[in-house]
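Presented below is the structure to which this report refers.
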Amino acid sequence: MSTERLTAFGPPATAVPRSAGRRLLDGLLARPSVGALLGVVAVAVFFGLQAPGLFSSGGLATVLDVAAPLGIGGVAVAMLLVGGQFDLSIGVVAVTSSLATALLVAEAGLGIWPALVLSLAVALLIGLVNGVLVIATGLPSILVTLATFLVLQGSSLAVSSAIAGSSRITGLSDASGRESALSVFGATTQLGDGRFRISVLWLLAATALTTWQLWRTRFGNAVFAVGGARRAARELGVPVRRTTVLLFLGTAAAGWLIGTLGLVRLGGVQVDPALGSEIEFIVVAVIGGCLLTGGYGSTVGAALGAVLYAVAREGIALAGWDPRWFQAFLGLLLLVALLANGVVRRRLRAVPRS
């Protein structure tokens, strides 16, 4: 480049070197799942020293058995949080859809697969209603889905008692299609003294699919845009309404899958008055690095958050601690995650994003 061109455009900007700590922080911000991964390693090492059986095949099988359904719900909720929304109804959708399947099989005489298709339609209808209500009313999604939770909770208890005369529905063991459904949703593999369930593969598939959607598709770009700056996204032509509805359909489908995994595994469904594990799904998503304000997060982190949850739960049990310590430990993890949320939020506000 000639001297004249340098003079015309001014001297070249001087690059400001970044410290090692600044580079590390920038790298962590670019990968929200790193914190959850470090948490899994730290908690596993801690409880592994307290209870070496945690690393046996039986201990690992138990951890993954707990983590799989929680992670499936967690990755769906993580997608929704990145899009700036909440869903408190995913757990009750799991119960409602499995109840629908059980009633269609036990009371209407349908085969397993037709009943599963119809219950999936029911779950997706619930997700559609949630999404449309959030868009049409402008109400906070946490309030809309809380109302949905209460409606489905009461309806599930009332319908199961009115039709079956009990809160427990069974009779699926002799239904048509039971064996094929069991191979898809209930298969197990024995390795050592541990029985590993196919739900782990469903978790891996859900994590891979949602990660690809977030980072490799236009839909993922829309999710980040809607969650980060809804008004600007709308002005730039991002399909805010469609994106929001699709996210709620995703959590509804995840709820159906969780319910189906439990239904096929147990051969029935128990409608519990204390329905729902919605808070746990949100907790693992937040531990996994999702901001409660939207626009930032990772479904891989949510899956790792579910593993962290399961390791702590199983580690406390194997170490012989009072099980009530688990709630305290989970609360501590959530508090740390929320404090990290605040740090990340301030950091992101200080750095303009394109």
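The values are calculated or read from the model by the stated rules, or taken from the named source; none is laboratory data. Just so you know, these numbers come straight off a predicted model, no measurement behind them. Counting neighbours? That spans all protein chains shown, and the Cβs are built from the backbone with ideal geometry, glycine included. Heavy atoms of the whole protein, side chains included, go into the accessibility calculation; ligands, DNA and RNA do not. Shrake-Rupley method; radii C 1.70, N 1.55, O 1.52, S 1.80 Å.
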L201-T293 pseudo-label distance in nm [points 7 Å out on the Cα-to-Cβ vector]: 4.3
Angle between the chain longest axis and helix 33-50 axis [Cα atoms, degrees, rounded to 10]: 60
Cα-projected label distance for A208 with L335, points at 7 Å along beta-carbon direction, nm: 4.0
Choice from E314, E179, E235 with maximal GNM fluctuation in the chain (Cα, 10 Å cutoff): E235
With all protein chains modelled, accessible area of L139 [1.4 Å, Å²]: 90
Trypsin sites (Lys or Arg not before Pro), loop per DSSP, at most 14 other Cβ atoms within 10 Å - longest free stretch of the chain: 19-352
P(r) histogram, all alpha-carbon pairs of the stretch 109-250 included - 5 Å bins from 0, percent: 2, 8, 11, 14, 15, 16, 13, 10, 7, 4, 1, 0
The stretch 36-148: C-alpha gyration tensor shape, a/c 1.5 cut-off, then a/b vs b/c: oblate
Choice from A285, A181, A94 showing the highest fluctuation, given a GNM over the chain with Cα pairs closer than 10 Å: A181
The chain, accessible area per residue, ligands and nucleic acids excluded (1.4 Å, Å²): 49
V159-V45 pseudo-label distance in nm [points 7 Å out on the Cα-to-Cβ vector]: 4.9
With all protein chains modelled, accessible area of V184 [1.4 Å, Å²]: 50
Net lengthening on full extension, Q327/N221 (0.36 nm per residue, minus Cα-Cα): 34.6 nm
Overall form of the stretch 261-343 per C-alpha gyration tensor (a/c, 1.5; a/b vs b/c): oblate
Proximal charge balance of I316 [Cβ under 14 Å; K/R count +1, D/E count -1]: 0
Heavy-atom accessible surface of the stretch 100-244: percent carbon and sulfur, 1.4 Å: 64
Relative contact order of the chain, pairs being alpha-carbon contacts under 8 Å that are 6 or more residues apart, as %: 34
Of I72, I258, I163, the one that fluctuates the most in a GNM where the chain has Cα springs shorter than 10 Å: I163
Folded to 0 to 90 degrees: helix 324-350 orientation relative to the chain principal axis, Cα: 30
Farthest toward positive dipole pole in the chain [+1 Lys/Arg, -1 Asp/Glu at C-beta], among S277, L334, L103: L334
Gain on full stretching of the segment that runs from S57 to Q190 - 0.36 nm per residue minus C-alpha separation: 46.9 nm
C-alpha center-to-center spacing [the stretch 126-202, the stretch 229-257] in angstrom: 22
With 10 Å bins from 0: P(r) over the stretch 194-301, alpha-carbon pairs, percent: 12, 38, 32, 14, 3, 0
A147-R241 FRET efficiency (beta carbon distance; Förster radius 22 Å; 0.05 resolution): 0.65
Which label in [x] 175; [y] 126; [z] 155 gives the computed volume of the Cα convex hull per residue in Å³: [x]
Neighbour net charge for T260 - beta-carbon separation under 15 angstrom, K R +1, D E -1: +3
